[in-house]
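What follows is one structure encoded as structure tokens, with my remarks underneath.
The values are calculated or read from the model by the stated rules, or taken from the named source; none is laboratory data. A quick note: this is a predicted structure, and the numbers were derived from the prediction, not measured. Cβ placement follows ideal geometry from the backbone for every residue including glycine, while neighbour counts extend to all protein chains displayed.
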Amino acid sequence: MSELRPDTKAVHIPMPPIDGSRPITMPIYQTSGFVFDDPAVMAASMGRPDGSYVYGRYSNPTVRSLELAVAGLEGGTSAISTGSGMGAINVVLLGLLRPGDHLVAQRSLYGGTAAMINELAERFGITVSYVPENDPAALRAAVRPETKLVYLETISNPMTLVADLPAMCQAARELGILSVVDNTFATPLLCRPFEHGADIVVHSTTKYLSGHTDVVGGIAVFADQELYERAWRFAIELGASADPFAAWLTLRGLQTLALRMERHCSNAEFLATRLAEHPAVTAVHWPGLASHPSYELAGKLLPGFGGVFSFDLAGGRAAGEKFMSSVRLALLAPSLGGVETLILHPATTSHRSLSPDELRRSGIGEGTVRVSVGIEHPEDLWADVAQALA
């Protein structure tokens, strides 16, 4: 059979073999450990990620199934599931960086990632340089002998800037540094960063991969097996392991990812286009709009523009608070990527750890509202947004 497309791969989940048959859906192996008859086999399995299952912190069949599924979707060799998206990011950053190392990151980042990078700088003396997400010349200029990696987001949170992955990852490779890409907003259905030269891809599986606002999880996928094994050894000591029930829920959600992403993207286009014409709105940040700075790049790189956007209200903070307290169908809640539409105020929630200067540099204003567009009927969503703006 020829290579399957991502839509099909998401439905057909890899499973450990069972003699004579196999289940249609992956079972939940809700156990903390596994029993051995041979002490030597047990000892050998504890030192390698592909050995027999030993202990839940090391691996689990349900968790392994999720790792194989997402690695397959992304086109990576192996993956490490974690208990949260920040767990996956920390496995990569803490596992690969040492005191005195240098990190280059794009300016527009998720607030939790930015806070962790600041923590690395303060605690461990890891220096950081920030560059635009689409400027390989700035990346080249920022690199030093001690630079170890560059950190990018396919679509940034919350300003939806699209990273020039082909140019940035190529520059990183030529400079001999690793490129790490957070692909949460795009998912493997809209972008596969390994195809553009990335070394590591991370996701918050809490978001689109699980898709139903009932899971907290993360995953880091690796292009290189040796790098994966190095990170795996650190991950089991860090203890950021995924829970098998959360992994099972994510697998169940993953099978409808293609259908959901199609509706998320079309609903986002519907709302973003109408908001861009509303007199109470000064700007809409969605890469599918011609007014967005990433519009041309997004058109070349992505088959769809994602289900998250943000917009700025003319009345600033007061207008934002009024809007968020007036919606009836959309929900004021953290997170994103679920089937229901969620809104929040980035400056005081997802990016609250940023200083006023950092917020300004990221383009986040007092009147900025982020919308994670769900799969409801678009006219119902617009009716809710319109009445809240009024």
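Out of the range 289-306, which residues are over 26 Å from Gly197 (Cβ atoms) and crowded, with 17+ Cβ neighbours inside 10 Å? Lay out the reasoning, then the answer.
Looking only at the range 289-306, we keep the residues that are over 26 Å from Gly197 (Cβ atoms), and these are 289-291.
Scanning the range 289-306 gives a single hit, Leu289.
Taken over the range 234-260, the criterion of being surrounded by fewer than 18 Cβ atoms within 10 Å (Cβ to Cβ) and assigned to a loop (DSSP other than H, G, I, E, B) is satisfied by Gly239, Gln255, Thr256.
Each row is one residue, and each column tells you yes or no for (1) farther than 27 Å from Lys300 by Cβ; (2) out of contact with any Cys (no Cβ under 7 Å at 6 or more places or on another chain); (3) not in a helix (DSSP H, G or I).
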{"site": "Phe185", "(1), (2), (3)": "no, yes, yes"}
{"site": "Phe194", "(1), (2), (3)": "no, yes, no"}
{"site": "Ala198", "(1), (2), (3)": "no, no, yes"}
{"site": "Val201", "(1), (2), (3)": "no, yes, yes"}
{"site": "Lys207", "(1), (2), (3)": "no, yes, yes"}
{"site": "Arg230", "(1), (2), (3)": "yes, yes, no"}
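Note on the range 137-163: residues that are surrounded by fewer than 20 Cβ atoms within 10 Å (Cβ to Cβ) and part of a helix (DSSP H, G or I) amount to 5. Evaluate the range 330-342: report whether one residue or more is outside the structural domain of Ala114 (by TED's automatic domain parsing), acidic (Asp, Glu) and out of contact with any Lys or Arg (no Cβ under 9 Å at 6 or more places or on another chain). For the range 330-342, residues outside the structural domain of Ala114 (by TED's automatic domain parsing), acidic (Asp, Glu) and out of contact with any Lys or Arg (no Cβ under 9 Å at 6 or more places or on another chain): present. For the range 217-230, which positions are surrounded by 24 or more Cβ atoms within 10 Å (Cβ to Cβ) and touching a strand residue (DSSP E or B) at 6+ places or on another chain (Cβ under 6 Å)? Correct list: Gly218, Ile219, Ala220, Val221, Phe222.
Which residues, taken from the range 116-132, are closer than 19 Å to Gly218 by Cβ and crowded, with 16+ Cβ neighbours inside 10 Å? Steps first, please.
Initially, the range 116-132 is screened for residues closer than 19 Å to Gly218 by Cβ, giving 116-117, 119-120.
Matches in the range 116-132: Met116, Ile117, Leu120.
Scanning the range 179-200 for residues that are among the charged types (D, E, K, R) and under 21 Å from Arg260 (Cα atoms) yields a count of 2.
Within 18 Å of Glu366 (Cβ to Cβ), assigned by TED's automatic domain parsing to the domain that holds Trp382 and not aromatic (Phe, Trp, Tyr): is that true of Ala283 in this structure?
Details: within 18 Å of Glu366 (Cβ to Cβ): yes; assigned by TED's automatic domain parsing to the domain that holds Trp382: yes; not aromatic (Phe, Trp, Tyr): yes.
Here the answer is yes, as Ala283 does meet what is asked.
Taken over the range 48-93, residues that are more than 16 Å from the chain's Cα centre (by Cα) and among the polar types (S, T, N, Q) amount to 7.
Screening Asp214 on (1) over 13 Å from the mean Cα position of the chain (by Cα); (2) surrounded by 22 or more Cβ atoms within 10 Å (Cβ to Cβ); (3) outside any helix (DSSP H, G or I) shows it passes everything except condition (2).
In the set Thr82, Thr25, only one residue is among the polar types (S, T, N, Q), touching a residue at least 60 places away in the same chain (Cβ under 8 Å) and within 30 Å of Glu146 (Cβ to Cβ); that residue is Thr82.
Each row is one residue, and each column tells you yes or no for (1) modelled with pLDDT under 95; (2) under 30 Å from Thr250 (Cβ atoms).
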position: Ser291; (1), (2): no, no
position: Tyr295; (1), (2): no, no
position: Gly306; (1), (2): no, yes
position: Lys322; (1), (2): yes, no
position: Ala333; (1), (2): yes, yes
position: Pro346; (1), (2): yes, yes
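Looking at this structure, is Gly320 of a type outside the set (A, V, I, L, M), more than 27 Å from Asp380 (Cβ to Cβ) and touching a Gly at 6+ places or on another chain (Cβ under 6 Å)? Against the criterion (of a type outside the set (A, V, I, L, M), more than 27 Å from Asp380 (Cβ to Cβ) and touching a Gly at 6+ places or on another chain (Cβ under 6 Å)), Gly320 does not qualify. Say whether the condition of being surrounded by fewer than 19 Cβ atoms within 10 Å (Cβ to Cβ), of a type outside the set (S, T, N, Q) and farther than 24 Å from Pro166 by Cβ is met by at least one residue in the range 62-75. Within the range 62-75 (the criterion being surrounded by fewer than 19 Cβ atoms within 10 Å (Cβ to Cβ), of a type outside the set (S, T, N, Q) and farther than 24 Å from Pro166 by Cβ), the answer is yes, since at least one residue qualifies.
Any residue in the range 168-176 that is outside any helix (DSSP H, G or I) and either at pLDDT 95 or above or farther than 23 Å from Gly87 by Cα (or both)? The answer is yes, given that some residue of the range 168-176 is outside any helix (DSSP H, G or I) and either at pLDDT 95 or above or farther than 23 Å from Gly87 by Cα (or both).
Taking the range 67-110 as the range and being at pLDDT 95 or above, more than 17 Å from Asp50 (Cβ to Cβ) and assigned to a loop (DSSP other than H, G, I, E, B) as the test, the residues that pass are Gly75, Gly83, Ser84, Leu97, Arg98, Pro99, Gly100, Asp101.
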